[in-house]
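Working notes, beginning with the structure itself.
Just so it is clear, none of the values below were taken in a lab; they were calculated from the coordinates. Note that the structure is predicted; figures quoted are calculated from it, not measured. Neighbour counts are summed over all protein chains in view; Cβ atoms, including those assigned to glycine, are modelled from backbone coordinates with ideal geometry.
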Amino acid sequence: MLLDAGAHFVIRFKRGVTYRIVRRFPIPEVKLPAGIRQITSDWLVKLPGWDSEVLLRMVSYQLTDGKLIRVLTSRHDLSALSIAQLYKERWTIENWWRWLKRIYKVKEPLGYNENALQLQIIAAFVTDLLLRAFKQCSGFKGKLYEFVTTCRDLALVPFERLCDNLRQALSVAATLLELLQDATDCRT
């Protein structure tokens, strides 16, 4: 089981799922961050169908727009506010990943270990920076998807040919930079 492996979770609790309250924790008076109006409950609960020894924490809080959020977690060591913030941060990450997938046309992670995800994110950012630099220098008006498709097509070129093309492109770029430097020196 997930909990036996030492993993933890913080998930949104769906409506209609039955549970039994084992204990109600008091809600301390604390300064709430932006976006959270109040912590409404902090309970220890049991879920039907789960091992009878598994006790989970259900924290309910209200957003400033009045929406009630219920979060279920295995974290018993955190305050109710910390759990609410953890769930909020989880959604920040989820929304960022959704944005990354939409902008960079990433359909799924290239791998499922920590390094694969980091490399994919870095590659996406580098691609974006290259596109922005390319647009700035060349007046390229195309979309990111066209640029990425071209880069992907080039990635399928044999390495030797790509090295020759890259060497040629770097040589042209160096020549252009020298001409730009000469033009700048002439003006001063």
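Cross-link reach is defined here as a Cα-Cα straight distance under 17 Å, omitting same-chain residues fewer than 8 places apart; for Lys143 the lysines meeting it are Lys101, Lys105, Lys135. Positive contributions from Lys and Arg (+1) and negative ones from Asp and Glu (-1), summed over other residues with Cβ under 12 Å from the Cβ of Leu131, come out at +2. By its C-alpha gyration tensor, with a ≥ b ≥ c as the square roots of the eigenvalues, how is the range 47-86 shaped: rounded for a/c under 1.5, else prolate for a/b larger than b/c, else oblate? Oblate, because a/c is 1.5 or more while a/b does not exceed b/c. Within the shell of other residues whose beta carbon sits under 9 angstrom from the beta carbon of Ile69, the net charge comes to +4, with Lys and Arg scored +1 and Asp and Glu -1. Scaling the Cα radius of gyration of the range 10-91 by the globular reference 2.2 N^0.38 Å produces a ratio of 1.06. Using the average count of surrounding beta-carbon atoms within 10 Å as a protection proxy, the listed peptides 66-73, 8-15 rank, highest first, as 66-73, 8-15. Taking Lys and Arg as +1 and Asp and Glu as -1, the other residues whose beta-carbon sits under 12 Å from that of Ser41 total +3. Under the combined filter of DSSP loop state and at most 13 neighbouring Cβ atoms within 10 Å, the range 39-136 retains these GluC sites (Glu not before Pro): Glu53.
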